[in-house]
Amino acid sequence: MKPASTAWLLPAGALACLLAAQFMAEGKRLPYPGVSESRTFAGSGMRDAGFLAFGARRLGADTAFIELLQYYASHENHDEDPNAGFYVYGLAPKPEWKMEGGDYPEFMARAKRVLWLDPYFRFAVFYAAGALAFNQNRPQEALEILDIGRKWLPKEWKYDLLAAAITYSKGQESARQAAELDRVIEDPDAPDMLRQLTAFLNKKSGNYRRAYEIYGTLLDSSNAGYAANAAAQRKILKPLIDKAS
Amino acid sequence: MNRLSLASELARHTFLEQWRSRYFQLMVIFGAALVYASLLLGQLAVEQEGRVLFNSGALFLELAALGAMLLGCASSILRDMESKTIYLILSRPVPRWIYITGNYLGMAAAVGAAILCMGALHYLLLAFKGAAPSAEAYLLVMLAAWLKAAVAGALAVLVSLVSTSLLSAVMIAVFFWTLGHFVPEASFLAQRLQGPAGWLAKPLLWVIPNMSLFNYRETLDLPPGAFPGWGIALPYALLYICACLLFSVWLFRKREF
């Protein structure tokens with residue numbers, strides 16, 4: 001009889017351990033948006049679910065952000081040429097891409113997807129809000145992005161500064177806008193796009209020395225375009241600073 | 001030989017066996033290659049290269065460790081049974097619980113060593129790119145990855161004793177590992193379910209391991225207090241592993257060879 005009575009101790013002990021473990025973990029979760037608040041973009045649902053299943057929201061947000069960058073870097077009219085598939089290699093006429101502005105109607109939805117996956121992705125908040133407000137002239141949507149960021153990081157005061165700069169941009173107040181942005185770009189997570197804009201606004205409002213300094217930080221930018229522009233701007237600004245002093 | 005030294009001898013044997021196993025070596029090399037390949041993904045993110053390198057490398061490291069642990073844990077007993085090695089072991093005065101525990105501890109130690117190797121490579125890459133977190137934070141990321149693998153491995157040992165093949169055992173363990181990342185969502189849905197579906201769903205939730213407790217790498221940039229804490233993660237892992245191993249010992253004791 002003895003072995004039979006002790007045999008049940010093992011499953012009983014196992015069950016007790018299991019219940020104790022699950023009781024301890026009851027209600028514990030990481031503070032991320034729930035699945036019900038999903039902001040998946042067309043065709044991205046399965047991919048996002050895959051990242052969630054692997055417990056890799058941050059990497060999912062990174063991938064979504066890379067897709068956003070690729071979308072934003074694509075030319076708005078890249079599919080307008082009806083003969084695109086019929087050119088002999090090397091003989092296609094040089095395309096006339098629209099390089100400035102652009103509507104990018106999916107930008108907001110894509111940015112929201114990034115922030116649903118990782119609302120603590122500060123660089124993405126700065127980048128999306130900056131691109132919407134200053135490049136695409138969509139300040140209301142930019143403020144909406146900042147609101148999403150603020151909901152998850154309410155103590156992030158640099159979101160407030162960027163919001164203020166966006167508000168000043170409506171009134172064409174370059175100096176005040178530059179002053180607010182100057183404090184935003186102190187953040188290591190601030191994108192080079194905002195640094196470039198701050199330098200430009202400082203130059204526009206006559207603050208050449210500060211513009212020169214900011215362009216100096218852009219010389220090492222991973223974006224070759226920003227680095228080249230910074231070098232060119234510094235050459236223009238140097239005599240202006242010398243002249244002023 | 002007392003029971004502790006028996007268990008440690010078995011664990012040492014499993015550890016060495018794993019490190020000599022081609023599957024294990026392949027898994028570690030593959031994991032290291034993936035960690036290195038995350039450099040490519042980082043390039044795409046331009047200004048956020050460091051973040052992408054950290055996130056992708058940490059995930060690849062975790063997946064490689066999981067693969068090695070699941071394959072090892074699910075195959076070790078089955079292989080011993082197929083090769084008849086188990087007769088040699090159990091015909092000696094080795095209690096069955098020591099066989100299970102020793103095997104498992106050896107596997108966990110081998111995977112821990114593999115995580116350290118892959119993690120060292122990853123950390124070097126991060127440091128080279130100037131994006132390395134503090135050594136303490138990175139050690140905790142590796143500890144969390146090891147705990148996840150250890151929990152999934154204990155589950156794989158249990159499943160391998162009730163399953164008919166290695167593949168099904170691994171698949172079931174992977175299924176539970178995946179579900180483990182959806183525990184809060186599954187709990188929310190279970191609360192909404194009515195009738196028999198609800199009665200079935202709720203007990204299932206008590207079986208699924210809550211893997212989000214070990215997602216330390218997802219909380220590095222979050223405000224303080226976002227991570228549930230090691231005071232919960234460590235005892236949780238220990239209790240869950242104990243539960244799986246106790247069930248495994250119980251099932252293994254009933255087996256006839």
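The values are calculated or read from the model by the stated rules, or taken from the named source; none is laboratory data. Note that this is a predicted model, so its numbers are computed, not measured. Reconstructed Cβ throughout: ideal geometry from the backbone, glycine too, with neighbour counts over all protein chains shown.
Worth a mention:
- The residues in the stretch B:78-133 that are without any contact (Cβ under 8 Å) to a residue 12 or more places away in the chain and among the aromatic types (Phe, Trp, Tyr) can be counted, and the count is 1.
- Residue match in the stretch B:184-192 (condition: exposed (fewer than 13 other Cβ atoms within 10 Å of the Cβ), farther than 30 Å from A:Arg122 by Cα, more than 8 Å from every other protein chain (Cβ to nearest Cβ) and without any contact (Cβ under 8 Å) to a residue 24 or more places away in the chain): yes
- Taken over the stretch B:51-84, the residue count meeting the criterion of being under 18 Å from B:Ala11 (Cα atoms) and acidic (Asp, Glu) is 1.
- Odd one out for A:Asp189, checked against (1) away from chain B (no Cβ under 13 Å); (2) of a type in the set (D, E, K, R); (3) surrounded by fewer than 20 Cβ atoms within 10 Å (Cβ to Cβ): (1)
- For the stretch A:41-66, the set of residues classified as more than 26 Å from B:Phe227 (Cβ to Cβ) and either touching a helix residue (DSSP H, G or I) at 6+ places or on another chain (Cβ under 7 Å) or buried (at least 17 other Cβ atoms within 10 Å of the Cβ) (or both) consists of A:Phe41, A:Ser44, A:Ile66, listed by residue number.
- Residues of the stretch B:134-158 classified as over 14 Å from the mean Cα position of the chain (by Cα) and either surrounded by 20 or more Cβ atoms within 10 Å (Cβ to Cβ) or of a type in the set (A, V, I, L, M) (or both), total: 5
- Note on the stretch A:17-39: among residues that are touching a residue at least 60 places away in the same chain (Cβ under 8 Å) and surrounded by 18 or more Cβ atoms within 10 Å (Cβ to Cβ), the one that is farthest from the other protein chains (Cβ to nearest Cβ) is A:Arg39.
- Flag if B:Ala131 is among the small types (Gly, Ala, Ser), under 17 Å from the mean Cα position of the chain (by Cα), more than 18 Å from B:Ser21 (Cβ to Cβ) and within 14 Å of chain A (Cβ to nearest Cβ): no
- Filtered residues of the stretch A:190-245 (kept if within 22 Å of A:Glu173 (Cα to Cα) and touching a Gly at 6+ places or on another chain (Cβ under 8 Å)): A:Pro191, A:Met193, A:Leu194, A:Leu197
- Look at (1) more than 14 Å from chain B (Cβ to nearest Cβ); (2) at pLDDT below 90 and you find that A:Ala129 fails only one, number (2).
- In the set (1) modelled with pLDDT under 90; (2) surrounded by 24 or more Cβ atoms within 10 Å (Cβ to Cβ); (3) among the aromatic types (Phe, Trp, Tyr), the condition left unmet by B:Tyr104 is number (1).
- Cβ-Cβ contacts under 6 Å between residues 6 or more apart (or on different chains), taken from a first residue in the stretch B:39-59 that is at the interface with chain A (Cβ under 7 Å from one of its Cβ atoms) to a second residue that is in a helix (DSSP H, G or I) and surrounded by fewer than 21 Cβ atoms within 10 Å (Cβ to Cβ), are listed as B:Leu44/A:Ile66; B:Ala45/A:Ile66; B:Gln48/A:Phe123; B:Val52/B:Leu41; B:Ser56/B:Leu41.
- Elements of type helices (runs of 4 or more DSSP H) contained in the stretch B:147-216, each with 2 or more residues being of a type in the set (Val, Ile, Thr): B:166-179
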